[in-house]
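What follows draws every value from the coordinates through simple rules; no lab data is involved. Bear in mind that the values here come from a model prediction, so they are computed numbers and not experimental data. Note: ideal-geometry Cβ built from the backbone for every residue, glycine included; neighbour counts use all protein chains shown.
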Amino acid sequence: MITTNNLEEIIEEKIHPWRICPIGKHFVKKHIEHIPPSKKHPKGQTVERKEHCALNFSKKDILSFDEIQVMTEKYFHQLSGPPKAGVLKGYPNADKFDVEIRGWTRYWNDIFSFPDPPSADLVKAVIVSESAFHPEINIPSGQGDGRTRGLMQITDATMHILSDHHGELSNYLICFDHSKLLDPSANICAGVRWLFRTMIIAKSRLGKQATWIDAVAVYKGELGKNPSRKMELFQHHYLCLVDGG
């Protein structure tokens, strides 16, 4: 029997302990809102909105940019484990984003609970092969007027899929302005989420069980093709990380 008390607990249930907001809501930080002129306020208004959890009308789980930042600062710095540091030589920023890689790999592994989850070392190898650890990269994607952005080189087309309430993803959306993909934590969050999607795509295309190497090949648009420079670079650095150098 559902009472008033346990109904409130159901409503306020979080999808993960690190989340700020319960299922069905997304976090909005404190901000200034400019309200346009109206009959009551002909000059318009400037209102300070307190931080709050806003309702998701689609009822899907949504990660906002603001919640990504809060989660990163509150939880990720206390984690330990992979990815390995001090292994990828010749990249000044090689270990600069390990906190974010570790945190988002752990988070999405918890959400999806795959029996053979991707490792933080695999994610780090994707990053070195995509951007060489340069978060500011922002180039034309070759898909119309779209861009490819940040550490994991997320395309605008991919970001549209990740944020589309009526698209191919059944749940676990990520919604923020594409320009914010230049933020390392937001980019890695989106990139690792997309890796889980590319694993599903790899299984469908191969018609059998796929590996995370296959998922990375889909991520890079290389599944079924001759190995590209990016795939070769990825596999080389992934082996270095797995073997410890």
Legend entry - Cysteines in the chain lacking a second Cys C-beta under 4.7 Å: Cys175, Cys189, Cys240
Inset, instruction - Please determine, in degrees from 0 to 90 and to the nearest 10, the orientation of helix 184-206 with respect to the longest principal axis defined by the Cα atoms of the chain, where the helix direction is its Cα long axis. - result: 60
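Could you tell me the calculated FRET efficiency between Lys225 and Phe114, based on Cβ-Cβ distance and R0 = 25 angstrom, to the nearest 0.05? Write out the running numbers ahead of the final one.
On the way: r = 25 Å, r/R0 = 1.00.
Working from the Cβ atoms, E equals 0.50.
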Legend entry - Size of charge dipole - region 61-243 - debye, nearest 20, with Cβ of Lys, Arg +1 and Asp, Glu -1, no other charges: 540
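Between the DSSP loop rule and a limit of at most 16 other Cβ atoms within 10 Å, which GluC sites (Glu not before Pro) in region 92-190 are left?
Numbers: sites: Glu100, Glu130, Glu136, Glu168; in loops: Glu136, Glu168.
Filter output for region 92-190: Glu136, Glu168.
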Inset, instruction - Using only Cα atoms, tell me the angle between helix 98-112 and the longest principal axis of the chain; keep it within 0 to 90° and round to the nearest 10. - result: 70
Inset, instruction - Specify the inter-centroid distance of region 113-162 and region 194-215, based on alpha-carbon positions, in whole Å. - result: 16
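Quick check on region 61-243: take the gyration tensor over C-alpha atoms, sort the square-rooted eigenvalues as a ≥ b ≥ c, and tell me if it's rounded (a/c under 1.5), prolate or oblate.
Working: a/c = 1.19, a/b = 1.02, b/c = 1.17.
Taking the square roots of the gyration eigenvalues as a ≥ b ≥ c, region 61-243 is rounded.
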Inset, instruction - Mind giving me the nanometre distance, one decimal, between the label points for Glu136 and Glu232, set 7 Å out from Cα along Cα→Cβ? - result: 3.0
Inset, instruction - Grab the DSSP H runs of the chain that are 4 residues or longer, score each as -39,500 (n - 2.57), total them, divide by all residues and round the 222 nm result to the nearest 500 deg cm²/dmol. - result: -13000 deg cm²/dmol
